[in-house]
Amino acid sequence: MAEYYGTDLQIAIQKRMRERHVWIERTPDIANGGRVLNFVEPEKTGWDRIRELFAEDHVISFTAQPLATTMPHLKATFGDNCQYPYWNVFIGNVQRVIEACNAVIADVSTPMGWQLQSLETPTDDQISEVQKLNLATGIAPYPAFYTRGEAVPCLTTCLWNELGIMVATASANFRYHTNSRFSGHIFEGSVSVAEECRGMGLGKLLNASVLIDSHKLYNWVGAVAQARPDNEPSRRMIEACGLEMSPDLVTISVVASDEEFTR
Ligand SMILES: CC(C)(COP(=O)(O)OP(=O)(O)OC[C@H]1O[C@@H](n2cnc3c(N)ncnc32)[C@H](O)[C@@H]1OP(=O)(O)O)[C@@H](O)C(=O)NCCC(=O)NCCS
């Protein structure tokens, strides 16, 4: 298993995220996204500090910010040579999400012999399979230390077919500081379904399972997820699990290279 996984750029950031762990853990206005630093309250962090961190990482992310004001501000700050991909933000309260997820789990069945499991401490081999499936589906993988829960509590749900091959995975982590605006919220995502298994409800099943199982462990009060505006299967999968798309909040990444960083 590789401790860090992905492109050279992705690996360089993952290493720095590990080194910064103690600082991030103490700071409410940022969050450890494992594969990219998340600014949750950028005004508190300060734009000089944010510029310094961008110079180190070349990819940074602004969580759940108003599109209309944040996008022009970022473009004015970081210039025309960067990319500014953004994700719609979905939020759900615990009651609604759990109810919807239980309905999904009751509705979606898997073929005989397939196995679904949520892992708090996955083995090296399991982490390696997750990373490979993520990369194959265009998702920037979490580094191994993050998936093992060494940075923030993290749960990984996996589905194996009858031959023991991993065909789907999803992840949920408790990355927000108790004094942040997302205190008590779980972040769920990195849902990857092998191409040949799509459209069977597995994305919904994995998403619902990781939410239900993470709630049993962390007792979260709300859930946050993200999907690119052109990713309709992802949006519908998240909505089926009881989260609602925010009318104005988006997560924006600033990417210095022309590399596609993550879906
Ligand atoms: C997104 C992804 C996980 C969905 O997995 P999946 O197993 O194919 O999805 P499901 O079968 O559970 O379907 C989820 C919803 O999307 C809809 N859907 C599925 N494929 C679709 C398509 N090609 N176009 C439009 N809608 C689609 C389904 O009808 C369902 O919605 P509904 O419940 O309202 O009917 C999968 O496409 C994938 O791995 N994509 C690449 C990685 C990615 O983008 N992950 C999400 C990151 S946020």
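Worth a mention:
- Test set (1) surrounded by 13 or more Cβ atoms within 10 Å (Cβ to Cβ); (2) closer than 30 Å to G6 by Cα - V108 fails condition number: (2)
- Qualifying positions in segment 75-99 - closer than 17 Å to K204 by Cα and of a type outside the set (V, I, T): F90, G92, R96, E99
- Among the residues of segment 136-157, those that are more than 19 Å from M17 (Cα to Cα) and within 11 Å of the ligand (Cβ to nearest atom) comprise A136, T137, G138.
- Qualifying residues in segment 201-242 (those that are touching a Lys or Arg at 6+ places or on another chain (Cβ under 8 Å) and among the hydrophobic types (A, V, I, L, M, F, W, C)) - the one surrounded by the most Cβ atoms within 10 Å (Cβ to Cβ): C241
- Residue match in segment 96-118 (condition: away from the ligand (no atom under 16 Å from the Cβ), touching a Pro at 6+ places or on another chain (Cβ under 9 Å), touching a residue at least 24 places away in the same chain (Cβ under 8 Å) and closer than 27 Å to N38 by Cβ): no
- Given (1) touching a Gly at 6+ places or on another chain (Cβ under 8 Å); (2) closer than 27 Å to P141 by Cβ; (3) charged (D, E, K, R), index of the condition D29 fails: (1)
- In segment 53-144, counting only strands (runs of 3 or more DSSP E) that sit wholly within it, the ones holding 3 or more residues that are under 21 Å from N161 (Cα atoms) span 115-119.
- Test set (1) modelled with pLDDT of 95 or more; (2) assigned to a helix (DSSP H, G or I) - A12 fails condition number: (1)
The values are calculated or read from the model by the stated rules, or taken from the named source; none is laboratory data. Everything quoted here is computed from the prediction, not taken from an experiment. Don't worry about glycine lacking a Cβ; one is built from the backbone with ideal geometry, like all the others, and counts go over all protein chains shown.
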